[in-house]
Each structure stands twice: as structure tokens, then as C-alpha cells.
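Peer 1: Got a structure here, written out as C-alpha cells. Questions coming.
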Amino acid sequence: MPEFSRFFGIVIRMFVEGGGSHGQCGWLKDRFGLSWQVVPREMGELLGGPDRDGAARAMQAMLQMQKLDVARLREAYEGIPARSQG
């Protein structure tokens, strides 16, 4: 997901380094206090897919993230055990 990572990096520089803040689940607050969420295209299929248990697992994984990691969200959706973050 290099496109999303590159875009997210640009947005972080614009918003956070310009006086904003970085929050959970891809949320950012700009220097004016407006909140924005940076969401990869795949989120719709992962959170709204036909597997309701998979969608719930993806949602739980997302709640643990700041920058959304599509590979980890897909693994959660598919029921693949979480990798070590070390």
C-alpha cells in the first residue's frame, strides 16, 4: 500500500507538523481545529463486507491503530492472527 503510505506521510507533514495533532483511526486535527480522517479505499470492503464477523475483527484492529494499516486490517478480516509488533 505504498500510495496510501506516501499520501499519509504528506498529510501528516501538512497537518501535524503545521501545528495540528494526530489521533486514533487515521484522524488528524489541523492547526485550525478541524478534524480530518485519512481512510484507504479498501476500508469500505473490510468494514462493510459480507463476513460480519470479519468486519467486526477489522473494526477492533482499526481501533488499535493511528495510521491505518490495510494489510493488518485485511488479516484481521480474514481471521489471521495478529503479528508481533516488535
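Peer 1: Restricting to the stretch 56-69, count the residues that are surrounded by 17 or more Cβ atoms within 10 Å (Cβ to Cβ) and in a helix (DSSP H, G or I).
Peer 2: 4
Peer 1: Starting from the stretch 55-69, take each residue that is in contact (Cβ under 8 Å) with a residue 40 or more places away in the chain and list its partners that are of a type in the set (Gly, Ala, Ser) and not in a loop (DSSP other than H, G, I, E, B), counting only C-beta distances under 6 angstrom and pairs at least six apart or across chains.
Peer 2: The qualifying pairs are Leu68/Gly26.
Peer 1: Now a separate question. For the stretch 1-49, which positions are under 14 Å from the mean Cα position of the chain (by Cα), surrounded by fewer than 16 Cβ atoms within 10 Å (Cβ to Cβ), part of a loop (DSSP other than H, G, I, E, B) and not aliphatic (A, V, I, L, M)?
Peer 2: Residues satisfying the conditions are Gly23, Arg41.
Peer 1: Here is a check on your reading of the model: is Ala76 over 22 Å from Glu3 (Cα atoms) and modelled with pLDDT of 95 or more?
Peer 2: Values: over 22 Å from Glu3 (Cα atoms): no; modelled with pLDDT of 95 or more: yes.
The answer is no for Ala76.
Peer 1: Within the stretch 74-84, can one find any residue that is surrounded by 16 or more Cβ atoms within 10 Å (Cβ to Cβ) and either touching a strand residue (DSSP E or B) at 6+ places or on another chain (Cβ under 6 Å) or not in a helix (DSSP H, G or I) (or both)?
Peer 2: Narrowing the stretch 74-84 to residues surrounded by 16 or more Cβ atoms within 10 Å (Cβ to Cβ): 74-77.
Applying the additional criterion that residues be either touching a strand residue (DSSP E or B) at 6+ places or on another chain (Cβ under 6 Å) or not in a helix (DSSP H, G or I) (or both) yields none.
No, the stretch 74-84 contains no residue that is surrounded by 16 or more Cβ atoms within 10 Å (Cβ to Cβ) and either touching a strand residue (DSSP E or B) at 6+ places or on another chain (Cβ under 6 Å) or not in a helix (DSSP H, G or I) (or both).
The values are calculated or read from the model by the stated rules, or taken from the named source; none is laboratory data. Quick caveat, the model's predicted, so the values are computed rather than measured. All Cβ positions, glycine included, derive from the backbone under ideal geometry; neighbour counts span all protein chains shown.
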